[in-house]
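Undergrad: Shown below is the structure under consideration.
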Amino acid sequence: MSTAIAVALSLIFNTATGGKVELPALVNDLADRDVVFLGEEHDNTAGHQMQLQIVRALHKKRPDLVVSMEMFERDVQGILGDYLRGRIDEDAFLKHSRPWGNYKKHYRAVVEYAKANGLDVIAANAPRRSARKVAQGGGDLTAYVARTTSAVKDQYWELFKDAMKEHPGEITEKGLTRMYEAQCMKDDTMAESIADYLQGRPHRQPLVVHLCGKFHSDYGLGTVVRLLRRRPLTTVGVVTMVAADDVKKQELAEHAAKGHFVLVVKAEPKPEKKPVAKSADSADADPKPVAKPDTDDPGEPAGLGIMPDYGSDDPGVLVSAVSEDGAAEKAGIKGGDLIVKIGKETVESLEDYMEVMGDLRAGETVKVTVKRDGKDKAIDVKLGVRRRQGN
C-alpha cells in the first residue's frame, strides 16, 4: 500500500475539540511534547503507513527525535545499535534481534528511516521469555526487566479482563492474574526504558516517539502512567488507532477518552478462506473437515482447554499450559506446543485461532497440527466446552 493511499484511507480526530484535523495539525501539537505514544493495531498496514508519516513529519520539526519500540526487547539493544550505525548488515541484525513475524511488512520502514537519518531506536520491551515466566507463575527473571514493577488491580485490570473476554476463554482467574502481571511487567519495562534514556541525556531532551500496541497506551494507562510515575513532569501525547471498514463513517464518541488524538484507518481485509478440495470421486459432496458432535448440547462453544502464551510472537499460537483433564490434555497436546493449524485452517495468530474456534462446537473432533521439537504433529482432538473466565 502506497503512502498516498494510506493517507487517503485515514481520518484524524482531535479529542479535545471533537473535530477532524489534518496531519500537519496533529504533528504541530505532538512536536511540543516530550514523549509521544503511537498506539497501534499491530497488523494494520494503513496504520503503519500513517505511523511512518507521523514519524517523518515530527522529525522535520524535532531533529532530536528518538524512536522507541515495543517490538524489540532490551537484551538486543546492542544488536539494534550496531545495525543502525552500520557495524553489522541486515541479515546479522535480523538473525540476532528476534524481530516480530511482521517486521519486514510493518516495522522495517521505521527502522530503516531511523538508520538513514542517524536516529536512536530504543529496544524498550522486556524479553518474551521473562513475560512468559511471569504468565506461567513466576521464576527467575533476566536483568532486562524493569527494576520495579506493579500490577495493581485498578482500571487497567478491568480493561484487561474485558479485553481477554475477546480471546478464546479457558483462562482461570489465577491464570488471568498472572497474564496481567506479565502485561504490567512489560509496561513498566517500556516506561523505564524511555525514562532511563531521557535521564541519561539531561542536557538534550529529545522527543521520544514510542510505538506500541494501543492497549499499552490507551486512556493514558499502561506504559503511559508508569512513565509519569518515573518522570512526573514529562509531557506526553497519546494517539490511539481505530480500524474501520468505512473510515469516513467512523464516529469519535466511543474512543474519545482513549487519547489526545484518534487515528482512524482502513481495516485490513479479511482473508478469504481457501475452499476445501473435493476428491475426484465425490465432486458434488460437501467437504467434512471435522466429525459431527456427539454431545447432548452441540450448540456449546468449543474449547481446547489450553492457556495461550500471550507473550509469544511466533507464527501460530503457543500453548503455555493445558487444563487438567481438558480436551487438549486428553488428546496429548502439551505446554510448549505451537498450534499452526486447526482442521484445514492455518493458524498464524491468536486472531486466527479465535476465528477458527468460533466456528466449532463442543463434541466435534478436529485435527490440530502442532509444532513440537521442530516437527509438525497432527493430533485428533475431541473438543470440549469452552471454559469461561473465573472458572
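Every read-out reported here was derived from the displayed coordinates using simple, explicitly stated rules and does not represent laboratory data. Since the model is a prediction, treat every value here as computed from it, not as a measurement. With ideal geometry, Cβ positions are generated from the backbone for all residues, glycine too; neighbour counts draw on all protein chains shown.
Undergrad: Going down the table (LYS61/LYS165; LYS165/LYS334; LYS95/LYS334; LYS60/LYS104; LYS186/LYS367; LYS105/LYS186), which pairs top 32 Å between alpha carbons? List each step's numbers first, then the result.
TA: On the way: LYS61/LYS165 41 Å; LYS165/LYS334 23 Å; LYS95/LYS334 28 Å; LYS60/LYS104 24 Å; LYS186/LYS367 35 Å; LYS105/LYS186 24 Å.
The answer is LYS61/LYS165; LYS186/LYS367.
Undergrad: Return the long-range amide H neighbours of ALA243 (sequence gap of 5 or more, or a different chain), with a cut-off of under 5 Å between placed amide H atoms.
TA: VAL265
Undergrad: Work out from phi, with θ = phi - 60° and the Karplus expression 6.51 cos²θ - 1.76 cosθ + 1.60, the ³J(HN,Hα) of each residue of region 205-210, listed in order in whole Hz, and give x for Gly and Pro.
TA: With the stated coefficients, region 205-210 comes to 8, x, 8, 9, 10, 9 Hz.
Undergrad: List every residue whose amide H lies under 5 Å from the amide H of LEU360, counting only residues 5 or more places away in sequence or on a different chain, with H placed 1.01 Å from N in the peptide plane.
TA: Amide H neighbours of LEU360: ALA302.
Undergrad: Using the Karplus curve 6.51 cos²θ - 1.76 cosθ + 1.60 with θ = phi - 60°, what ³J(HN,Hα) values do you get for each residue of region 173-182, in whole Hz, with x for Gly and Pro?
TA: With the stated coefficients, region 173-182 comes to 4, 5, x, 5, 5, 5, 5, 5, 4, 5 Hz.
Undergrad: Kindly write out, for region 242-249 in residue order, the coupling ³J(HN,Hα) from the Karplus curve 6.51 cos²θ - 1.76 cosθ + 1.60 (θ = phi - 60°), rounded to whole Hz, with x marking Gly and Pro.
TA: Going residue by residue, I get 10, 9, 9, 5, 10, 4, 5, 9 Hz, with x marking Gly and Pro.
Undergrad: Return the whole-Å distance between the Cα centroid of region 22-43 and the Cα centroid of region 201-232.
TA: The distance from the Cα centre of region 22-43 to that of region 201-232 comes to 12 Å.
Undergrad: Right, something else. Check which residues have an amide H placed less than 5 Å from PHE72's amide H, if you skip close sequence neighbours.
TA: Amide H neighbours of PHE72: ALA124, ASN125.
Undergrad: Run through region 166-238 and list the trypsin sites (Lys or Arg not before Pro) located in a DSSP loop whose Cβ has at most 15 other Cβ atoms within 10 Å. Could the numbers behind the result be given before it?
TA: Working: sites: LYS174, ARG178, LYS186, ARG204, LYS214, ARG226, ARG229, ARG230; in loops: ARG204.
When the trypsin sites (Lys or Arg not before Pro) of region 166-238 are filtered for loop state and at most 15 Cβ neighbours within 10 Å, ARG204 remain.
Undergrad: Moving on. Please report the spacing between the Cα centers of region 315-391 and region 103-126 in Å, no decimals.
TA: Centre-to-centre distance over Cα atoms comes out at 34 Å.
Undergrad: Arrange the peptides 11-24, 35-48 so that the one whose residues have, on average, the most other Cβ atoms within 10 Å appears first. Show your work: numbers first, answer last.
TA: Details: 11-24: 14.1, 35-48: 24.6.
The most tightly packed comes first, giving 35-48, 11-24.
Undergrad: While we're here: If the reach is capped at under 12 angstrom between alpha carbons, list the aspartates and glutamates near LYS266, excluding any in the same chain fewer than eight residues apart.
TA: Correct list for LYS266: GLU41, ASP43, ASP245, ASP246.
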